[in-house]
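Each remark here refers to the structure printed beneath this line.
The values are calculated or read from the model by the stated rules, or taken from the named source; none is laboratory data. This is a predicted model, so every value here is computed, not measured. Glycine gets a Cβ as well: all are built from the backbone with ideal geometry, and neighbour counts include every protein chain shown. What goes into the accessible areas is simple: the full protein's heavy atoms, side chains included, and nothing from ligands, DNA or RNA. Shrake-Rupley method; radii C 1.70, N 1.55, O 1.52, S 1.80 Å.
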Amino acid sequence: MPAEYMTFGLAPATRAGGVLPDGAYEAHREFLDFIVDGRPLLHRLGGLDDGSAGDTVSPLAADFGPTVFTAHVRRLLLESEPPLADGRYVLYGCPECEGLDCGAVTAVIEREDDAVVWRDFAWQTDERADLERDGYPGIGPFRFRAAQYRSELERVLADGAHEAPPRRVLLVGARASVLARLANALRQTGIGAEISRDAAHASPEELRGYGAVAFGRGIGEAERQAVRAAFEAAGSDAAFVDGLAPVIPLLVAQIEQALDRSPYDLRQLVRLEAADGAAVLHVGSACRVRLTAYRLDRLFRTHTHELADAQLPAGEHRWELDRRATRGESFLIARAPGNVLVTPVG
């Protein structure tokens, strides 16, 4: 008896970039994820115990450009030869490069009567996949109705769904040194950044090129309102970020959170709260989570504390907060491959 059909879809997803506590940068990537029976395939893979596929992106990435994007869609439509041996296709790869050296999730894709079947999923690092060693037991095979499968892939070509919102940020602040360091950090993660105190007089075309506006703490309410009004008049849907503190990793994380346009119900991290001596994180789907505290002392020096780094199942998770890590003005960043959440400690 043939396996049941599953639904196939595509939805916007993000690999959150940022500045890690050790100073390393992670690239910001926007792509389309594969939705199998209403659930992101990457979430199914990221929830496995080994976590190998957790920090990967699909080849349907916005920053590849229309030509490369279209070529990948045509491959998934089986209109060109498979790129790997044994009829295998790359479904997810390293967000920092395109080679197999870092590993990739691959699968056999084939036509079978009125269905398209994805089977034999594996983590592949060489020319051929070793299913016995690196296969994903329990993942697939997935059997999609060919007409619905083709319709979803052709729709993104027709609609231009691969075009992501602008990845440029306007920085408005009073401290030039902080703004310069923030702009450099954002550019290192793949997000464009410009600094200006004259946004209210910029052309509508220029304002519509920004995905977010970040205000420093030294900017007064009147200037904030003028900038917001200019963006509204320009027809922009840019997100506005009120910078919590002059801490670069924290500000980058706030901007990453603001730029996240993925469907809310498909996010890995749903909500982060910190009050009464505890942090509470609501996880939407199993993933690796890093929880970091940043604290400013009385001399405005930054202190960093790693609170957790673990593979967590879906649900609510709670950590008691060490007063030494969070006394005074302090903030928490919860980071998963798919998104980032920031909160002040109450």
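Data table
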read-out	value
Filter result (over 22 Å from Ala27 (Cβ atoms) and part of a helix (DSSP H, G or I)) within the stretch 226-249	Ala226, Val227, Arg228, Ala229, Ala230, Phe231, Glu232, Ala233
Only one of Arg111, Arg74, Arg29, Arg88 that is under 29 Å from Leu312 (Cβ atoms) and basic (Lys, Arg)	Arg29
The stretch 104-132, residues that are of a type in the set (Phe, Trp, Tyr) and at pLDDT below 95	Trp123
Out of Glu127, Glu223, Glu194, sole residue that is open to solvent by 20 Å² or more (accessible area, probe 1.4 Å) and in contact with a Leu (Cβ under 7 Å, 6 or more places away or on another chain)	Glu194
Residues located in the stretch 250-283, provided they are buried (at least 22 other Cβ atoms within 10 Å of the Cβ), part of a helix (DSSP H, G or I) and touching a helix residue (DSSP H, G or I) at 6+ places or on another chain (Cβ under 9 Å)	Leu251, Val252, Ile255
Residue match in the stretch 290-300 (condition: hydrophobic (A, V, I, L, M, F, W, C) and free of Cβ contacts under 8 Å to residues at least 12 places away in the same chain)	yes
Subset of the stretch 52-93 that is touching a Phe, Trp or Tyr at 6+ places or on another chain (Cβ under 7 Å) and in a loop (DSSP other than H, G, I, E, B) - its residue that is nearest to Arg119 (Cα to Cα)	Pro82
Among (1) among the charged types (D, E, K, R); (2) more than 24 Å from the chain's Cα centre (by Cα); (3) surrounded by fewer than 18 Cβ atoms within 10 Å (Cβ to Cβ), the one test that Arg295 misses	(3)
Filter result for Val283 (β-branched (Val, Ile, Thr) and over 23 Å from Asn184 (Cα atoms))	yes
Residue, farthest from the chain's Cα centre (by Cα), within the stretch 174-191, restricted to residues that are among the polar types (S, T, N, Q) and either closer than 28 Å to Thr14 by Cα or crowded, with 16+ Cβ neighbours inside 10 Å (or both)	Asn184
Filter result for Leu76 (open to solvent by less than 10 Å² (accessible area, probe 1.4 Å) and over 15 Å from the mean Cα position of the chain (by Cα))	yes
Of residues in the stretch 1-42 being aliphatic (A, V, I, L, M) and in a strand (DSSP E or B), the one farthest from the chain's Cα centre (by Cα)	Met6
When residues of the stretch 130-173 are limited to those that are open to solvent by 40 Å² or more (accessible area, probe 1.4 Å) and of a type in the set (Lys, Arg), the one farthest from Val68 (Cα to Cα)	Arg133
The stretch 315-333, subset in contact with a helix residue (DSSP H, G or I) (Cβ under 9 Å, 6 or more places away or on another chain) and aliphatic (A, V, I, L, M), residue surrounded by the fewest Cβ atoms within 10 Å (Cβ to Cβ)	Leu332
Pro337 vs. criteria under 17 Å from the mean Cα position of the chain (by Cα), of a type outside the set (Lys, Arg), at pLDDT below 95 and part of a loop (DSSP other than H, G, I, E, B)	yes
